[in-house]
Number of protein chains: 2
Amino acid sequence: MVSKSQIKLITSLEQKKNRTKSGLFIVEGKKGIREILNSPFELDSLFTTGENFNAPPSKTHLINEEELKKISRLKTPQSALALFEIPKENTPVIKNLIVALDGIRDPGNLGTIIRLCDWFGIETLLCSNDTVDCYNPKVVQATMGSITRVAITYVDLELILKNNIEQPVIGTFLKGENIYTTQLPKNGILILGNEANGISEEVEKTVSQKLNIPRFGKSQSTESLNVATATAILLSEFRRQANY
Amino acid sequence: MVSKSQIKLITSLEQKKNRTKSGLFIVEGKKGIREILNSPFELDSLFTTGENFNAPPSKTHLINEEELKKISRLKTPQSALALFEIPKENTPVIKNLIVALDGIRDPGNLGTIIRLCDWFGIETLLCSNDTVDCYNPKVVQATMGSITRVAITYVDLELILKNNIEQPVIGTFLKGENIYTTQLPKNGILILGNEANGISEEVEKTVSQKLNIPRFGKSQSTESLNVATATAILLSEFRRQANY
């Protein structure tokens, strides 16, 4: 059973300010909940229509379909919803290859990029303060559990990059070196820019290596790659060069 | 001005059966409309709140914001909506490297894959009959105009693959050769499978080369890559090997 105050809390967590205030975020669906239960993240409470997650009974609330509908943001609620505690951000570890996002706005793109970081073994993801919140339910949904395996920190990206003297700072630009023929560094900070405007001018000033992903189609259309697919291509090529 | 029958027609085009019946599909937003106007696709009618597209006056309807709201499927309608004719499908040309989709269901994934085909110069895209319709408004939106530059054909994929004797048929599997260290063919049919179930058993039987995209993260989680990001990684590696 779910109380009125719980419904109020859960629906309020769509908004970032309420997630920050309560320190909680929502996960929906069996698969996602199981992935996060099997991680160091702390469960706050679990609402299930019957499915057993082996969660502590004191935190488990058996609810019916109608109650689930009241708390779910999905058109087709998926048998369970859980609240987890937002982990404390640690000081980011800037070593090896890391990814930094400069103003990513689309939750689906951020979720896909987190999943790619997990796949390619990127342990640290820096997000500029104007990047969409990674505990936004749409982001959490898109990460498929990998949000627990990548250390994500929101930072004043310009400041961090200006103070960085050790690591190469890498970004993609129309005029840059061909990623397939340039020797890519093994370590560094790979910047991905905003969906509409790319990398901001201030951040561009800190870039030490400009790369370009060549287009193979004949079309002269100026349309660029989506930022998440560009991330996939870049991380694949960085790892290939470093490992094979 | 937009008539009642036009509103009825336009809103009906959300559904595939009505697109098939009328032979029309919807494009929303200035950028998308301009891209498609500059292609061989035929304009049926254009509804604009003022923006000038240099379209034939006989096909242009000046409408107000309120009328646009009635015909738009977007939360924030984008100043114009156009109907274009669905082009006739030609017999697919199976040469060079082509992509074949085996039951892709998510419109965003199909749109991203079409955009990737355009970027990487893939001229032919085969879709199994159970793949989402490429004239679905969400797909069209996600392709950003590249739908006009890739020849997309819906086919009995199993039948085509069974009858194919010339081209290598390539798919990704858990047990496959590492894409970075295997010599990839220059020509062939690259199969991407359904989001939940991967490549179907019947199609798998026709595969002549099984590939694997290696994971670099330490996690033993079984979560796979999203099909659109897998497509990005594969096409990037095929083109790199063939060109550099």
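The table below gives the values:
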read-out	value
Filter result (in contact (Cβ under 8 Å) with a residue 60 or more places away in the chain, part of a strand (DSSP E or B) and open to solvent by 30 Å² or more (accessible area, probe 1.4 Å)) within the range B:172-196	B:172
Total residues in the range A:114-138, condition within 14 Å of another protein chain (Cβ to nearest Cβ), farther than 22 Å from residue A:206 by Cα and not in a loop (DSSP other than H, G, I, E, B)	7
Hits in the range B:188-204 (condition: modelled with pLDDT under 95 and within 14 Å of chain A (Cβ to nearest Cβ))	B:195, B:196
Selection from the range B:150-166 of residues that are surrounded by 22 or more Cβ atoms within 10 Å (Cβ to Cβ) and within 14 Å of chain A (Cβ to nearest Cβ)	B:150
Sole exception among (1) crowded, with 20+ Cβ neighbours inside 10 Å; (2) away from chain B (no Cβ under 13 Å) for residue A:146, by number	(2)
Whichever residue in the range B:93-104 is open to solvent by 10 Å² or more (accessible area, probe 1.4 Å) and away from chain A (no Cβ under 14 Å) and, among such residues, is nearest to the chain's Cα centre (by Cα)	B:102
Test: residue in the range B:62-72 that is charged (D, E, K, R), closer than 24 Å to residue B:159 by Cα and without any contact (Cβ under 8 Å) to a residue 60 or more places away in the chain	no
Filtered residue count, the range A:205-236, keeping only those that are facing chain B (nearest Cβ under 7 Å) and not in a loop (DSSP other than H, G, I, E, B)	5
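The values are calculated or read from the model by the stated rules, or taken from the named source; none is laboratory data. Treat the numbers as computed from the prediction; the structure is a model and nothing was measured. Glycine gets a Cβ as well: all are built from the backbone with ideal geometry, and neighbour counts include every protein chain shown. The protein model used for the area step is the full one, side chains on, heavy atoms only, and it has no ligands, DNA or RNA in it. Shrake-Rupley method; radii C 1.70, N 1.55, O 1.52, S 1.80 Å.
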